[in-house]
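Contents: one structure, followed by commentary.
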Amino acid sequence: MALAAELAARLNCAEYKNWLKAGQSLLLLRAALQRFAGEQAHAFHQQLAARLPSPPGSRCRGHCLPRGKQFQPVCTLCKEWKKEILKHHTHRNGEVNWGNCRPWLWPSNPWEIAKAYMPPGKADSCGPDKCDASGLLNLFTFCDYFSNIDQKKVREVIKCRNELMHSSDMKVSSSWLKQFGNHIQNLLAEFQHVPEAQMATTSIEKLLKSDWAVHVPGEDQLDGLEGEMSPGQMTEIEAELIKERLNEIRLCMEEQGTMSKEDSNRIQAVRNFIHSNHDLQRNLQEEVQNLEDLVQKMNSQEQVVKETEEVNCEQKSDEGCPLEKMKRTV
Ligand SMILES: [Zn+2]
């Protein structure tokens, strides 16, 4: 099937279309706030640097390397920076994803500081232009430098974003989309002084009203095409959102260290969806392969755990392994 025809078939499902529109709204929100986030991160960094006694040329001398939520710096410089970062964390006793950061760059790179306030998996996001909406929104809520932004509005959008990315079948209802649109617009209203945010308000309003009909060559012209996106642009948005979803599932499993029933259902749903759409299959090859590799790793780990349990059970059977007891009583 041609690209436009495959896409048109997918967009026949109103709830999938809603899912995409919500995702596209997040992409627009992100684009609107990136410059602002970058500038603020820079100013925040200057504020911290001014308080830290770091003579020119001073740098990490301990090869200090964080892992996930763990970070025990060896050198004084990293210790001082860590202390300052924690001072500005809105959940001081909460968990910090230190694994996002390269501490030896803290004295010179504001974004390496910003990433300490973000969810896991942001190690490769090397600047605001590479950062997704979730990263920016978490920065706004976990770093007190941004506390002049209405936190309730930020959290509403974070909550919706999580619902969107965790929805098992990549579908949302029209009433959910409407509410989500309101939350995004409320948040954008906080950024009156950011011209990109004001422009995004208009684009998101238009986007949520449009019907995203796709013209399939050779068929009758469909309504609602004027000023809308081409099939190529649409599939780009689709690919980006599905990538984010696949990454989300991957991060979630990596963090838990296992694959829950829910994870495996989610993976199966995305797998089925991608396999039935050839254009997506082509675009998402790499991400799908990464996920399949992780699934395989998780499965073989589980197998090892099971086998160890079985061996333990056999060894203990004389002492009364519950399973053996049951067998004996039957
Ligand atoms: Zn260090």
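The values are calculated or read from the model by the stated rules, or taken from the named source; none is laboratory data. From a predicted model like this one, the values you see are computed outputs, not experimental measurements. Backbone-built Cβ (ideal geometry, glycine too); neighbour counts: all protein chains shown.
Just one of MET199, MET170 is in contact with a helix residue (DSSP H, G or I) (Cβ under 9 Å, 6 or more places away or on another chain), surrounded by 14 or more Cβ atoms within 10 Å (Cβ to Cβ), modelled with pLDDT under 95 and in the same structural domain as ARG10 (by TED's automatic domain parsing); which is it? Talk me through it step by step, then tell me what you get.
Numbers: MET199 fails: modelled with pLDDT under 95.
Unique residue meeting the criteria: MET170.
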Where a residue in the range 60-78 is within 17 Å of ILE113 (Cα to Cα) and its partner, wherever it lies, is more than 6 Å from the ligand (Cβ to nearest atom) and of a type in the set (Ser, Thr, Tyr), with Cβ under 8 Å and at least six apart: LEU77/SER54; LEU77/SER58
Within the range 1-114, helices (runs of 4 or more DSSP H) holding 3 or more residues that are at pLDDT below 95 and within 30 Å of GLU236 (Cβ to Cβ): 3-10, 14-51
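Every residue, every condition in (1) under 25 Å from LEU137 (Cβ atoms); (2) out of contact with any helix residue (DSSP H, G or I) (no Cβ under 8 Å at 6 or more places or on another chain); (3) more than 14 Å from the ligand (Cβ to nearest atom), yes or no:
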{"site": "ARG61", "(1), (2), (3)": "no, no, no"}
{"site": "LEU77", "(1), (2), (3)": "no, yes, no"}
{"site": "LYS82", "(1), (2), (3)": "yes, no, no"}
{"site": "HIS89", "(1), (2), (3)": "yes, no, yes"}
{"site": "ARG92", "(1), (2), (3)": "yes, no, yes"}
{"site": "VAL96", "(1), (2), (3)": "yes, no, yes"}
{"site": "PRO107", "(1), (2), (3)": "no, no, no"}
{"site": "PRO110", "(1), (2), (3)": "yes, no, yes"}
{"site": "ALA114", "(1), (2), (3)": "yes, no, yes"}
Number of positions in the range 187-196 that are free of Cβ contacts under 8 Å to residues at least 60 places away in the same chain and either surrounded by 15 or more Cβ atoms within 10 Å (Cβ to Cβ) or of a type in the set (A, V, I, L, M) (or both): 2
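Just checking, does the range 136-143 include any residue being of a type in the set (Phe, Trp, Tyr), part of a helix (DSSP H, G or I) and within 16 Å of the ligand (Cβ to nearest atom)? Before you say what the answer is, go through the steps one by one.
Just the residues of the range 136-143 that are of a type in the set (Phe, Trp, Tyr), to begin with: 140, 142.
Now restrict to residues that are part of a helix (DSSP H, G or I): 140, 142.
If we keep only those that are within 16 Å of the ligand (Cβ to nearest atom) as well, we get none.
No, the conditions are met nowhere in the range 136-143.
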